[in-house]
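*Asks:* The following block contains the structure, expressed as structure tokens.
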Amino acid sequence: MRTTIADIAKAAGVSEATVSRVLNERTQGVGPQTRLRVKEVMAQMDFAPCGVARGLATGRSLAVGLVIPDVADPFFPLLIRGIEDALRKRGYGLFLCDSNQDIRKEAEHVRMLMEKRVDGVILNSTLSDCDCHLDLLDRRSVPYVLLDRIIEVRPGGAGVYVDNRKGARMATDLLLQGGARRLLFINGPEALSVCKLRWLGVQDAFQARGLDPARIRYQAGDYSVASGEQAAEAHLQTPDGPPCDAVFAANDRMAIGAMRALKRHGLRIPEQVEVVGFDDVEPGRLVDPPLSTVAQPAFEMGKKSAELLLALIDGKKPRKRMIVMEPALVLRGSTRPR
């Protein structure tokens with residue numbers, strides 16, 4: 001037979017109301033020792049609470065939706081793990097949706113999540129200039145938090161980001177310190193807010209040293225390894241003077257692609273060309289030489305986004321609705337020792 005709340009209450013020597021408070025993480029009316037005893041009895045009796053019943057009792061689904069643009073991108077697993085870590089502590093489940101870089105699919109996912117009656121949504125949007133599905137969430141009064149990518153036409157909302165402009169400035173300054181005179185910058189999709197900010201950071205570093213940003217060799221890719229390789233190849237085949245002596249790519253996968261092209265042309269890394277990426281994903285640590293990069297605190301970004309969303313679900317007004325986290329340089333073999 002299925003174990004019930006009444007069974008737990010009898011075994012723990014408490015009321016059913018007390019068991020219900022423990023299940024729903026309510027702090028009022030339950031002391032720490034009683035809470036611990038009830039949870040121990042639940043574990044001993046393999047008690048699995050009915051999610052539907054809990055939802056009816058609390059008016060919540062105890063589920064959150066997450067929409068990301070590319071589940072195959074190695075940057076996202078740590079984000080997801082951080083989100084799940086924060087949600088699990090509050091007894092929440094997660095619906096994971098992959099938009100595959102398609103804004104229409106992203107909007108479909110948002111509508112589906114609302115049909116599932118999730119309590120809130122974390123959105124890493126495909127585009128930075130479209131907020132149509134945010135209107136849907138607003139009309140249904142569903143709390144949401146933007147993660148990693150700003151939606152520029154909806155400023156001031158709740159969100160968690162890394163300081164992309166600062167990170168790009170740090171990477172570029174590192175290469176200029178190393179004596180770079182011919183920098184190739186490989187940007188990601190140019191319409192994305194993160195890519196606009198990283199391009200501004202590259203220019204900031206040049207201007208801070210009194211250098212003309214017009215000297216920067218610029219290519220754009222789509223965040224894939226292949227696009228980074230194609231961008232570097234296109235640069236190396238141009239007839240306008242010597243090839244680059246430094247490459248900064250707006251993500252690690254494009255940097256890895258650029259390294260392939262550089263090696264194919266017989267250029268030694270880092271002796272002739274230094275390379276820096278952005279994100280600090282695991283494949284960058286496995287290439288030869290290991291990739292220097294700008295690290296994003298992906299796990300913490302995910303965790304903070306979930307905590308912020310849970311606060312909004314609880315009806316709280318967080319002191320900081322926009323959280324900007326610090327990037328960090330990680331130096332490996334693709335740059336010379338400083």
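Computed from the coordinates by the stated procedures, all read-outs in this text should not be read as laboratory data. What you are looking at is a predicted structure, and each value in this text was computed from that prediction instead of being measured. Glycine gets a Cβ as well: all are built from the backbone with ideal geometry, and neighbour counts include every protein chain shown.
*Asks:* Dipole of the range 95-233 (Lys/Arg Cβ +1, Asp/Glu Cβ -1, origin at the Cα centre): which of V118, S193, Y218 lies farthest to the positive side?
*Replies:* Farthest along the dipole direction, towards plus: Y218.
*Asks:* Using label points projected 7 Å from each Cα along Cα→Cβ, tell me how many nm separate A191 and T3, to one decimal.
*Replies:* Label at A191, label at T3, 5.3 nm between them.
*Asks:* Report the FRET efficiency, 1/(1 + (r/R0)^6), for R117 and K89, where r is their Cβ-Cβ distance and R0 is 22 Å, rounded to 0.05.
*Replies:* The formula returns an efficiency of 0.50 here.
*Asks:* Most exposed first by the Cβ proxy, i.e. fewest other Cβ within 10 Å, how do C244, C132, C195 rank?
*Replies:* The order, fewest Cβ neighbours first, is C132, C195, C244.
*Asks:* Based on alpha-carbon centroids, what's the gap between the range 125-180 and the range 223-265 in Å, whole number please?
*Replies:* Computed from Cα coordinates, the inter-centre distance equals 25 Å.
*Asks:* In addition: Within the set of other residues whose C-beta is less than 12 Å from the C-beta of L211, count the net charge using Lys and Arg as +1 and Asp and Glu as -1.
*Replies:* +1
*Asks:* Oh, and also: So if each residue of separation counts as 0.36 nm, and I subtract the Cα-Cα distance between M325 and V71, what length gain in nm does that give?
*Replies:* Taking M325 through V71 to full extension adds about 89.2 nm, to one decimal.
*Asks:* For an R0 of 51 angstrom, estimate the FRET efficiency from the Cβ-Cβ distance between Q272 and D135 and round to the nearest 0.05.
*Replies:* Numbers: r = 52 Å, r/R0 = 1.01.
After rounding, the FRET efficiency stands at 0.50.
*Asks:* Could you work out how much longer the chain between A226 and R81 gets when fully extended? Use 0.36 nm per residue separation minus the Cα distance between them, nm to one decimal.
*Replies:* 49.5 nm
*Asks:* Can you tell me the relative contact order of the chain? Whole percent, Cα pairs under 8 Å, sequence separation 6 or more.
*Replies:* Relative contact order, the chain: 17 percent.
*Asks:* Then there's this: For L127, L36, what ranking results if the residue with the fewest other Cβ atoms within 10 Å of its Cβ goes first? Write out the running numbers ahead of the final one.
*Replies:* Working: L127 21, L36 11.
Ordered from fewest to most neighbouring Cβ atoms within 10 Å, L127, L36 come out as L36, L127.
*Asks:* Same structure again: Go through I5, P297, C97 and say which Cα lies farthest out towards the positive end of the charge dipole of the chain; charges sit on Cβ, +1 for Lys and Arg, -1 for Asp and Glu.
*Replies:* It is I5.
*Asks:* Among I80, Q33, S61, whose Cα sits farthest toward the positive end of the charge dipole of the chain (+1 at Cβ of Lys/Arg, -1 at Cβ of Asp/Glu, about the Cα centre)?
*Replies:* Q33
*Asks:* Counting C-alpha atoms alone, how compact is the chain: give Rg to one decimal and Dmax as a whole number, in angstrom.
*Replies:* 24.3, 83
*Asks:* Pairs K116/K316; K39/K316; K89/K320; K10/K304; K166/K316: which exceed 29 Å Cα-Cα?
*Replies:* Those over the limit are K10/K304; K166/K316.
*Asks:* Could you put L267, L147, L286 in order, starting from the residue whose Cβ has the fewest other Cβ atoms within 10 Å? Kindly include the intermediate steps, with their values, before the conclusion.
*Replies:* Values: L267 18, L147 27, L286 10.
Fewest-to-most ranking of L267, L147, L286: L286, L267, L147.
*Asks:* Rounded to the nearest 20 debye, what is the charge dipole size of the range 164-296 about its Cα centre when +1 sits on each Lys and Arg Cβ and -1 on each Asp and Glu Cβ?
*Replies:* Once rounded to the nearest 20, the dipole reads 220 debye.
*Asks:* If you count the DSSP beta bridges with both ends in the chain, what percent of them are antiparallel, to the nearest 5?
*Replies:* Details: 3 of 37 bridges.
Just about 10 percent of them are antiparallel.
*Asks:* Calculate the dipole size of the chain relative to its Cα centre from +1 charges on Lys and Arg beta carbons and -1 charges on Asp and Glu beta carbons; express the result in debye to the nearest 20.
*Replies:* 1040 debye
*Asks:* Ok, one more. Between Q207 and R104, how high is the FRET efficiency from 1/(1 + (r/R0)^6) when r is the Cβ-Cβ distance and R₀ = 41 Å? Nearest 0.05.
*Replies:* Result of the calculation: an efficiency of 0.55.
*Asks:* Quote to one decimal, in nm, the extra length available between R260 and R338 on full extension: 0.36 nm per residue of separation minus the C-alpha distance between them.
*Replies:* Values: separation 78, 0.36 × 78 = 28.08 nm, distance 2.41 nm.
In short, 25.7 nm is gained.
*Asks:* With each pseudo-label sitting 7 Å past Cα toward Cβ, what's the Y218-K39 distance in nm, one decimal?
*Replies:* 5.4 nm
*Asks:* Out of the GluC sites (Glu not before Pro) in the range 195-280, which ones are loop residues according to DSSP with at most 15 other C-beta atoms within 10 Å?
*Replies:* Loop-located and lightly packed - E271.
*Asks:* Who wins for biggest fluctuation among R215, R26, R182 in a Gaussian network model of the chain, springs between alpha carbons below 10 Å?
*Replies:* Of the options given, R26 has the highest mean-square fluctuation.
*Asks:* Something else about it: Using a Gaussian network model of the chain whose springs link C-alpha atoms within less than 10 Å, name the residue from R35, R181, R165 with the highest mean-square fluctuation.
*Replies:* Greatest mean-square fluctuation among the candidates belongs to R35.
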